[in-house]
Amino acid sequence: MRYLTFALGKGRLANKTLELLEKIGITCEEMKDKDSRKLIFVNEELKLKFFLAKGPDVPTYVEYGAADIGVVGKDTIMEENRRAYEVLDLGFGKCRMCVCGPASAKELLQHHDMIRVATKYPKIAKDYFYNQKHQTVDIIKLNGSVELGPIVGLSDVIVDIVETGSTLRENGLDVLEEICPLSARMIVNQVSMKMEAERIKNILQRLKEEL
Ligand code: PRP
């Protein structure tokens, strides 16, 4: 039997995923050592491997078959646009992709004015403004703390993830439009889905029963 490899987005999603896998009897003791700098972990008995990667790299590993299965946020799946089957909504990591800004910017979204949009998600922002709203915008890519955009005058609005809304509130910004709901998803390599259909479908079935 060959190894089935899981790529998990580092951080909270990975921890939640490991908790869920544990419920269906898939464990990886090695991975629980928080001080370890190891990147890849093996469960010899079940012939499984797990590795932790930066979220945006997870769909890449899965597309190329370096991982059979990946767990990553829907936002990353949309932004990276890699070839892979999205097979399961894991129900955690729930949040929303939104257009946010000062209340005064709401008006700018009603017309077809050229506005500036700061975001970590240029593809999602472009799809939304160009294809759904038919509004030509100037998209400015940032790598984090995107809420700064309208505050320091870099952009009119932002496209970003809103979970509790506290980052917006504490910075005097509002949700102006909602783009889509998000959560953690399981993705599968297209070839693995055929070659390892039985093992993968069995895992999916057991996960569905836990959700
Ligand atoms: C994310 C997101 C928002 C914040 C939303 O940022 O980009 O800034 O969380 O969460 P809230 O609605 O619960 O306040 P993250 O913490 O990942 O860091 P970043 O700003 O550096 O990207």
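The values are calculated or read from the model by the stated rules, or taken from the named source; none is laboratory data. None of these values were measured; they are calculated from a predicted model. All Cβ positions, even for glycine, are placed from backbone atoms using ideal geometry, and neighbour counts span all protein chains on display. SASA here: full protein model, heavy atoms, side chains in, ligands and nucleic acids out. Shrake-Rupley method; radii C 1.70, N 1.55, O 1.52, S 1.80 Å.
What the table below lists for this structure:
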{"read-out": "Under Karplus coefficients 6.51, -1.76 and 1.60, residue-wise ³J(HN,Hα) of segment 13-19 in Hz, glycine/proline x", "value": "4, 5, 4, 4, 5, 5, 4"}
{"read-out": "Whole-percent carbon and sulfur share, accessible surface of the chain, 1.4 Å", "value": "49 percent"}
{"read-out": "Net lengthening on full extension, Tyr85/Leu204 (0.36 nm per residue, minus Cα-Cα)", "value": "41.6 nm"}
{"read-out": "Residues of segment 1-120: accessible area per residue with a 1.4 Å probe, Å²", "value": "54 Å²"}
{"read-out": "Solvent-accessible surface (1.4 angstrom probe) belonging to Thr167, in square angstrom, nearest 10", "value": "70 Å²"}
{"read-out": "Proximal charge balance of Pro150 [Cβ under 13 Å; K/R count +1, D/E count -1]", "value": "-2"}
{"read-out": "Inter-part distance where segment 86-101 and segment 3-72 are each reduced to a Cα centre, Å", "value": "20 Å"}
{"read-out": "Spin-label pair Met193/Cys180, simplified geometry with 7 Å Cα→Cβ offset, distance in nm", "value": "1.6 nm"}
{"read-out": "Ile179 long-range amide H proximity, modeled H, under 5 Å", "value": "Met97, Cys98, Val99"}
{"read-out": "For segment 199-205, Karplus couplings with θ = phi - 60° (6.51, -1.76, 1.60), whole Hz, Gly/Pro x", "value": "5, 5, 5, 5, 4, 4, 4"}
{"read-out": "Inter-label distance, nm, simple model (7 Å from Cα along the C-beta direction), Tyr130/Arg37", "value": "4.2 nm"}
{"read-out": "Nonlocal amide H pairs with Ile115, under 5 Å, H built at 1.01 Å", "value": "Asp138"}
{"read-out": "Computed E for Glu107/Thr164 - FRET, C-beta separation, R0 25 angstrom, nearest 0.05", "value": "0.40"}
{"read-out": "Residues whose placed amide H lies under 5 Å from that of Ile24, excluding near-sequence neighbours", "value": "none"}
{"read-out": "Relative contact order (%) - criterion: Cα under 8 Å, at least six apart; region: the chain", "value": "27 percent"}
{"read-out": "For segment 42-57, Karplus couplings with θ = phi - 60° (6.51, -1.76, 1.60), whole Hz, Gly/Pro x", "value": "10, 10, 5, 4, 8, 6, 10, 10, 10, 9, 9, 9, 4, x, x, 7"}
